[in-house]
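Bear in mind that the values in this text are calculations on the coordinates, not laboratory data. Just so it is clear, the model here is predicted, and its values are computed rather than measured. Here the Cβ is made from the backbone with ideal geometry for all residues, glycine too, and neighbour counts use every protein chain on show.
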Amino acid sequence: MLQLNKSIDQATEQMWRHHFPEGYWWYTLEANDSIGAESILLMHYLRLKDPTFESAIANWLIQAQRPDGSWALFHGGPGDLSTTVECYLALKLAGYNLNDNPIRLARQFILAAGGITQIRIFSRIHLALVGLVDWSICPVMPAALIKLPDWSPINIYEFSSWARACIVPLLVIMDKKCTTPIRGLTLDELYINQLDKLNGWKYSSNLGFFGSIFVKLDFALKLAEVANLKPMRKSAIKKCERYIRDHLGETEDIYPAMYYSILALHALGHPLTDNGIQTAMKGLKSFHVKMSHNVIPEIPDSTNISLINDLSNIKTPNTSTYLYQQCCISPVWDTAWAGVALLDAGLSPSDPRLINTGRWLLSKQITDVYGDWSIKNPGVEPGGWSFEFKNKHYPDVDDTIEVLTFLYKLSLPPAEVRNAFNRGLKWLISMQSSNGGFGAFDKDNNLDLLNKIPFSDHGACLDPATADISGRMLEFFLMIGEFPHKSKYLNKIADFIIRRQERNGSFWGRWGVNYIYGTWGALGGLAALGRKRDIPKIHLALKWLASVQNQDGGFGESCLSYSEGRYVPLPESTASQTAWALMTFVSCGYADKEPAKRAASYLMKNQTSEGGWNETYHTGTGFPGHFYIRYHGYRYYFPLMALAKYRQALS
């Protein structure tokens with residue numbers, strides 16, 4: 001117990017060293033290098049010259065290149081063709097030539113992987129922007145899509161929030177087809193043979209029956225475009241612009257959404273001084289991580305949150321040898337988890353520093369904007385929290401659960417927190433899908449047909465209810481006590497979770513890698529509910545979890561689990577995934593069992609002298625199979641939380 005106490009104390013001290021005076025925690029997010037590559041492309045498309053910026057991004061790309069010449073989607077993963085093509089293009093734009101070693105190695109990988117014609121749809125669009133391919137190889141996205149009413153079987157609100165935020169500006173981009181040709185730039189060397197430039201471009205062969213129908217529809221839409229048959233085009237484009245501007249005004253969104261919004265407004269003829277373009281450009285700049293060495297720091301540059309209003313500040317200081325472009329930022333998410341971890345570790349709920357954190361979180365509650373979620377959930381007051389400093393159109397269930405958990409455990413004056421808590425709770429309850437589960441940003445966002453259209457070759461156009469979020473919701477509801485019709489909600493959620501259990505006992509995880517994360521979320525709720533009929537299911541899940549424990553006591557699961565449809569181990573254990581497994585054992589009453597003891601021992605033995613843990617692998621999930629995130633905060637607050645819960649259980 002002495003070692004356990006020491007480990008918790010050291011981790012607590014480290015957490016406080018990461019605390020911002022304003023009350024929040026904010027850690028870096030690391031995804032894949034297509035984001036940085038696209039930022040170079042954006043600058044060239046807009047004809048903005050900044051050699052220092054390009055050099056810093058290019059330096060990062062080169063050090064991140066794998067020995068086989070490729071770039072991967074996650075640490076230790078295989079080379080990804082589309083990402084590699086985009087990084088290859090970025091390096092050429094930054095001044096590298098065909099004989100430079102990074103270019104030569106990347107070209108060899110691309111050709112060995114089938115050549116440039118095998119890239120995904122989004123990468124095709126990016127190449128078309130600078131005239132490297134014809135727009136005809138991209139699927140048609142008629143602007144009139146935005147005019148379809150929300151009762152229509154297919155409309156923009158049937159897409160997930162992240163897809164919708166990209167699709168609306170893409171409707172403009174793909175209608176206008178504005179191109180910025182770059183003199184002397186070509187990618188002809190990436191074709192297996194030159195005939196492929198004309199007939200080598202195909203859509204995915206895995207679209208199935210409905211996909212084949214959509215491919216035929218796409219062909220018909222292309223013929224309609226040639227004949228200039230574009231119904232409702234003018235009014236549709238105007239509606240797209242209104243949507244873009246409304247959302248930029250209240251949103252600090254994901255990189256792709258802001259990136260495409262800039263391109264759309266530019267395609268409409270607006271100058272770079274346009275308020276919407278300025279807002280999005282500043283948003284992208286706030287995602288920069290500047291470095292004098294090639295190791296991404298866990299804490300971003302705090303000066304990025306206060307950007308002044310002109311494009312001259314897009315330039316990168318000369319001291320930055322490397323620059324990394326984040327995909328998003330996560331201060332609300334990090335703050336809520338860090339706060340709960342410290343409370344679990346024994347800090348007083350009246351600690352002035354945590355009270356300050358609680359007030360900061362209260363200031364981030366969204367109460368004045370009826371976001372996109374309200375289309376499928378009408379008549380409900382806004383009351384949730386988003387992931388970022390500001391994202392009023394897109395509060396999410398996951399963040400709101402954790403913020404309310406922290407506020408519930410904190411000793412804020414009741415008059416200060418009661419109304420905000422109750423409003424957040426009502427919003428959460430209203431977000432339950434008809435199948436009993438909870439998605440992240442919308443309810444009943446599960447029209448699987450949308451993942452069959454050619455545009456959706458990444459398979460991430462939906463936000464269905466998942467076992468991991470639903471399990472956390474179930475656990476939260478049980479923690480807070482009584483509310484109207486509680487038992488009805490609880491049983492419906494639990495039934496949904498049980499239906500999602502895999503045959504081996506595990507649960508698929510949507511927002512973390514993968515079966516370990518999903519099992520942690522699901523069992524936390526099921527164990528807290530304690531229904532007798534669920535006990536065999538819980539035991540089966542625990543048996544599976546113990547079976548994948550590593551010899552060193554830790555746990556480590558690869559992102560490949562998604563693409564292979566089964567648990568795939570990493571070559572080593574990770575702190576965050578070990579923490580999730582330990583919390584699963586603890587929540588199910590197994591704290592005194594050998595698997596829990598070994599997991600706790602692993603965390604204590606592998607703690608750094610500063611009090612944190614090292615972790616290089618991506619353990620967060622953006623889009624399963626295509627986009628993963630290394631949350632730099634996960635290696636700090638999740639192990640602390642796990643050890644704290646373990647100590648509580650042993651006591």
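Counting neighbouring Cβ atoms within 10 Å and putting the fewest first, the residues Phe389, Phe74, Phe122, Phe585 line up as Phe389, Phe122, Phe74, Phe585. Between Lys202 and Lys6, the modelled labels are 6.2 nm apart [label points 7 Å from Cα along Cα→Cβ].
What does the charge count near His19 come to, summing +1 for each Lys or Arg and -1 for each Asp or Glu among other residues with Cβ under 15 Å from its Cβ? With Lys, Arg at +1 and Asp, Glu at -1, the net is -3. Using 0.36 nm per residue and subtracting the Cα-Cα separation, the extra length available between Arg533 and Glu564 on full extension is 8.0 nm. Counting every other Cβ atom within 10 Å of each residue's Cβ, Asp344, Asp399, Asp468, Asp50 order from fewest to most as Asp50, Asp344, Asp399, Asp468.
Listed by chain and number, the lysines whose alpha-carbon sits under 20 Å from that of Lys488, ignoring those within fewer than 8 places in the same chain, are Lys426, Lys443, Lys532.
Count charges around Ile110 for me, please; just the other residues with Cβ under 14 Å from its Cβ, Lys/Arg as +1, Asp/Glu as -1. After counting each charged neighbour, the total is -1. The length gained by stretching the chain between Gln194 and Lys409 to full extension, at 0.36 nm per residue less their Cα-Cα distance, is 71.0 nm.
Panel order for Arg120, Arg510, by other beta carbons found within 10 Å of each beta carbon, from fewest to most: Arg120, Arg510. For the chain, the longest principal axis of the alpha carbon atoms and the long axis of helix 2-17 meet at an angle near 40°. Once C-alpha pairs closer than 8 Å and six or more residues apart are averaged by separation and normalised to the residue number of segment 391-483, the relative contact order reads 28 percent.
Angle of helix 331-344 to the longest C-alpha principal axis of the chain, folded into 0 to 90 degrees and rounded to 10: 10°.
Rounded to the nearest Hz, the phi-derived 3J(HN,Hα) couplings of segment 625-631 under the Karplus curve 6.51 cos²θ - 1.76 cosθ + 1.60 (θ = phi - 60°) are x, 9, 8, 10, 10, 9, 7, where x marks glycine and proline. List every residue whose amide H lies under 5 Å from the amide H of Leu570, counting only residues 5 or more places away in sequence or on a different chain, with H placed 1.01 Å from N in the peptide plane. Close amide H contacts, sequence-distant or interchain: Gly556, Glu557, Ser558.
In sequence order, segment 481-496 has phi-based couplings of x, 7, 7, x, 6, 4, 4, 5, 5, 4, 5, 5, 5, 4, 4, 4 Hz under the Karplus curve 6.51 cos²θ - 1.76 cosθ + 1.60, θ = phi - 60°, and Gly or Pro positions carry x. Could you point to the label whose value was computed as percent of Cα pairs over 46 Å apart for the structure here, given (i) 15; (ii) 35; (iii) 25? Read-out taken from this structure: (i). Summary of packing: across the peptides 25-32, 290-297, the per-residue average of other C-beta atoms within 10 Å ranks them, highest first, as 25-32, 290-297. Compute the angle between helix 575-587 and the longest alpha-carbon principal axis of the chain, please, reported from 0 to 90 degrees and rounded to the nearest 10. Between helix and principal axis, roughly 40 degrees. Summed over qualifying helices (DSSP H, 4 residues or more, each -39500 (n - 2.57)) and divided by its residue number, the chain shows a 222 nm mean residue ellipticity of -15500 deg cm²/dmol.
Taking the average, over residues, of other Cβ atoms within 10 Å as the packing measure, peptides 359-372, 482-495 rank 359-372, 482-495 from highest down. Packing-based ranking of 636-644, 241-249 yields 636-644, 241-249, ordered from highest to lowest mean Cβ neighbour count within 10 Å.
Model label points for Lys177 and Ser235, set 7 angstrom from Cα along the Cα-to-Cβ axis, are 2.5 nm apart.
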